[in-house]
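Chemist: Please read through the structure below; I'll follow up with questions.
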Amino acid sequence: MNSKYRYLVPNGITFISLTCGIVSILLSATDQFQPAGILILASYILDLFDGAMARKLKAGSEFGLQLDSLVDMVSLGTAPAVLIFMHLRAEGLTMSWVWPFAVLIPLAGAFRLARFNLLPPKQTGNTDSVGLTISTGGATLALAVMSDLAIPSDSISDYWYILLLIAVSALMVSKIAFPSFVWVFSGRRKNAVILSLFGISLMITSFFSAWFFWTNAYLGISLARAGYKRLS
């Protein structure tokens, strides 16, 4: 591909991700929570692809790095906070309980992105991230709402959302090493086991509830892994 135009592919994916985030916020503002959550998750998946395409096409650039951070701030920092805020508002929860904690998410996300942009390049073979990425944090919050909406009975207490907002914010600003999906899906046997377990969970619950469960499993394994390394 022409060296001048190869940058259009990853940056184009990033702009599509930004569009998903903006539309998600507008949908949340009009109480259309399910499509709003789906767009956040779409942005999360696109966020994985733009970096992969930039590496494959050797189209990484400082512009792309800064653009990606700004888009993540909107689509995976602000949009999930708005989604949870409006969802809890529709549930009848007193908003004075919610907004201080909802604000934590974009604040923690901004801190996480600024710190990431100042870190030196990762050494070869090191795929860990310092603190929970804003993309995984935002996806976790969106999945909480989607899981709640997918099950008729309340799957998540309204007040548990407050604890979830605090926990995700704290993990983003922490210095805990979280493994990337390169580590998670690092072997054929491991992939087969993960996909089999995910398939079994789909037979028990909804797609979004299963995804939310395994995202929380990832967070739990990451914390246990970090604790083991510290003790070792």
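The values are calculated or read from the model by the stated rules, or taken from the named source; none is laboratory data. These numbers come from a predicted model, not from an experiment. Positions of Cβ are generated from backbone atoms using ideal geometry, with glycine treated the same way; all protein chains shown enter the neighbour counts.
Chemist: For the range 151-179, which residues satisfy the criterion of being part of a loop (DSSP other than H, G, I, E, B) and either hydrophobic (A, V, I, L, M, F, W, C) or crowded, with 22+ Cβ neighbours inside 10 Å (or both)?
Modeler: Ile151, Ile156, Ile176
Chemist: Ok, one more. Go through the range 37-60 and report how many residues are closer than 16 Å to Val145 by Cα and surrounded by fewer than 17 Cβ atoms within 10 Å (Cβ to Cβ).
Modeler: 1
Chemist: Restricting the range 92-150 to residues that are among the charged types (D, E, K, R) and modelled with pLDDT of 85 or more, which is surrounded by the fewest Cβ atoms within 10 Å (Cβ to Cβ)?
Modeler: Within the range 92-150, the match that is surrounded by the fewest Cβ atoms within 10 Å (Cβ to Cβ) is Arg115.
Chemist: Given the structure, is Ser153 among the small types (Gly, Ala, Ser) and modelled with pLDDT of 75 or more?
Modeler: It is false that Ser153 is among the small types (Gly, Ala, Ser) and modelled with pLDDT of 75 or more.
Chemist: Further question on the same structure: Residues in the range 195-232 that are surrounded by fewer than 13 Cβ atoms within 10 Å (Cβ to Cβ), under 26 Å from Ile38 (Cβ atoms) and hydroxyl-bearing (Ser, Thr, Tyr): how many?
Modeler: Qualifying residue count, the range 195-232: 1.
Chemist: Output the qualifying pairs, or none if there are none: Cβ atoms under 8 angstrom, residues six or more apart or on different chains, first residue in the range 92-121 and in contact (Cβ under 8 Å) with a residue 12 or more places away in the chain and within 17 Å of Lys175 (Cα to Cα), second residue surrounded by 15 or more Cβ atoms within 10 Å (Cβ to Cβ) and among the acidic types (Asp, Glu).
Modeler: Going by the 8 Å Cβ cut-off, the qualifying pairs are Gly109/Asp72; Leu113/Asp72.
Matching residues to (1) modelled with pLDDT under 90; (2) within 20 Å of Asp158 (Cα to Cα); (3) within 21 Å of the chain's Cα centre (by Cα):
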| site | (1), (2), (3) |
| --- | --- |
| Gln32 | no, yes, yes |
| Ser43 | no, no, yes |
| Asp50 | yes, no, yes |
| Ser61 | yes, no, no |
| Leu83 | no, yes, yes |
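Chemist: Could you tell me which residue of the range 1-28 is surrounded by the fewest Cβ atoms within 10 Å (Cβ to Cβ), considering only residues that are modelled with pLDDT of 95 or more and out of contact with any Ser or Thr (no Cβ under 9 Å at 6 or more places or on another chain)?
Modeler: The selected residue is Leu26.
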